Amino acid sequence: MPTVLVLNSGIPGDGSVSRRLVAETVETLREQNPAVRVIDRDLGAEPLPHLSPASVAALRGGAAETTEQAEALALSDALVAELKAADTIVIGAPMYNFGIPSTLKAWFDQVLRAGIAFSYSEAGPKGLLTGKRAIVIETRGGLYSEGPAKVMDSQEPHLRGMLGFAGITDVTFVRAERLAFGDEAKQNAIAAARDDIRDFAEVSALAA
Ligand SMILES: Cc1cc2nc3c(=O)[nH]c(=O)nc-3n(C[C@H](O)[C@H](O)[C@H](O)COP(=O)(O)O)c2cc1C
């Protein structure tokens, strides 16, 4: 069954643009295939724990010697299972302080495990989670896709890098930028992002 993993990482609330656009993206995917299974992991509403000595020991070693380590390993294993089950990952990623929310970074810290998401050899790193596609909804108060603030964008390159490191290279970024530039700019940005979602859906439906 086609499976979509949905990761929202922004602060919950009706005003969240990324949450609205993520919901619309999932709706579009459902229209394309009503049988799609959706796994919802709301990282903003229920943040994952940061790494700790116990979780690093368990995750890097792949085994647990204490109850704390066993709990940490079980959580990471559950998150990895959700990711492995997914053909498509929809990520809602607001820009916070030029990068991604720490809630989303905490998820990557839990799933980017050696031997599971990537491996190393003499040839260098190799992503192991191939054959998946990701759709990333990026919301930003400012403008970073062009202009003087472009060099400040630590959100999109970071996400592309982490996904690519795991072998997820089919990534579509949908940007809603200039959200803090007044109401007109905000509405235009949301409308443009909606067009991008529609265009992307049409292209992927044709390719399917
Ligand atoms: C804690 C915090 C930090 C932010 N940092 C930035 C930033 O560095 N650059 C920027 O353009 N917008 C920044 N913003 C604005 C958000 O990116 C913008 O409001 C976006 O719409 C939030 O996503 P959401 O609507 O999906 O919740 C920040 C917002 C918050 C709450």
- Task: Can you work out which of the residues in segment 60-83 that are of a type in the set (Asp, Glu) and under 13 Å from TRP107 (Cα atoms) is surrounded by the fewest Cβ atoms within 10 Å (Cβ to Cβ)?
- Result: ASP77
- Residue check, ARG41 against (1) among the basic types (Lys, Arg); (2) in a strand (DSSP E or B); (3) modelled with pLDDT under 95, all met but one. Which one? (3)
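State all residues of segment 133-144 that are within 17 Å of the chain's Cα centre (by Cα) and surrounded by fewer than 21 Cβ atoms within 10 Å (Cβ to Cβ); if no residue qualifies, say none. Show your work before the answer.
Here is the first cut: in segment 133-144, the ones within 17 Å of the chain's Cα centre (by Cα) are 133-140.
Listed by number, the list holds a single entry, ARG133.
Does segment 120-166 hold any residues that are outside any loop (DSSP other than H, G, I, E, B) and of a type in the set (S, T, N, Q), and which are they?
The first filter runs over segment 120-166 and keeps only residues outside any loop (DSSP other than H, G, I, E, B), leaving 120-121, 124-127, 133-139, 148-152, 156-165.
Within segment 120-166, SER121, THR139 qualify.
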- Note on the structure: ASN33 vs (1) modelled with pLDDT under 95; (2) under 21 Å from ASP183 (Cα atoms): all pass except (2)
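Check ARG140, ARG113 and return the single one that is of a type outside the set (A, V, I, L, M) and within 16 Å of the ligand (Cβ to nearest atom).
Numbers: ARG113 fails: within 16 Å of the ligand (Cβ to nearest atom).
Unique residue meeting the criteria: ARG140.
Got a number for residues in segment 58-100 being outside any helix (DSSP H, G or I), away from the ligand (no atom under 16 Å from the Cβ) and either without any contact (Cβ under 8 Å) to a residue 12 or more places away in the chain or within 30 Å of THR28 (Cβ to Cβ) (or both)? It would help to see each step written out before you state the result.
Just the residues of segment 58-100 that are outside any helix (DSSP H, G or I), to begin with: 62-66, 86-100.
Those still in the list that are away from the ligand (no atom under 16 Å from the Cβ) too: 62-66, 86-89.
Subsequent filtering for residues that are either without any contact (Cβ under 8 Å) to a residue 12 or more places away in the chain or within 30 Å of THR28 (Cβ to Cβ) (or both) retains 63-65, 86-89.
Number of matching residues: 7.
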- Message: Return the residues of segment 171-185 that are crowded, with 17+ Cβ neighbours inside 10 Å and among the charged types (D, E, K, R); say none if nothing qualifies.
- Response: ARG175, GLU177, ARG178
- Failed condition for ARG60, given (1) at pLDDT 95 or above; (2) touching a Lys or Arg at 6+ places or on another chain (Cβ under 9 Å): (1)
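Return a yes/no flag: does segment 75-90 have any residue that is modelled with pLDDT of 95 or more and closer than 30 Å to VAL151 by Cβ. Write out each step before concluding.
Restricting attention to segment 75-90, the residues satisfying the condition of being modelled with pLDDT of 95 or more are 75-90.
Imposing the further condition that a residue be closer than 30 Å to VAL151 by Cβ reduces the set to 89-90.
Scanning segment 75-90, I find at least one residue that is modelled with pLDDT of 95 or more and closer than 30 Å to VAL151 by Cβ, so the answer is yes.
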- Message: Return the residues of segment 19-44 that are touching a Pro at 6+ places or on another chain (Cβ under 8 Å), within 12 Å of the ligand (Cβ to nearest atom) and within 27 Å of ARG113 (Cα to Cα); say none if nothing qualifies.
- Response: GLY44
- Query: Out of the residues in segment 1-18 that are outside any loop (DSSP other than H, G, I, E, B) and among the aliphatic types (A, V, I, L, M), which is nearest to the ligand (Cβ to nearest atom)?
  - Reply: VAL17
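The values are calculated or read from the model by the stated rules, or taken from the named source; none is laboratory data. Treat the numbers as computed from the prediction; the structure is a model and nothing was measured. Backbone-built Cβ (ideal geometry, glycine too); neighbour counts: all protein chains shown.
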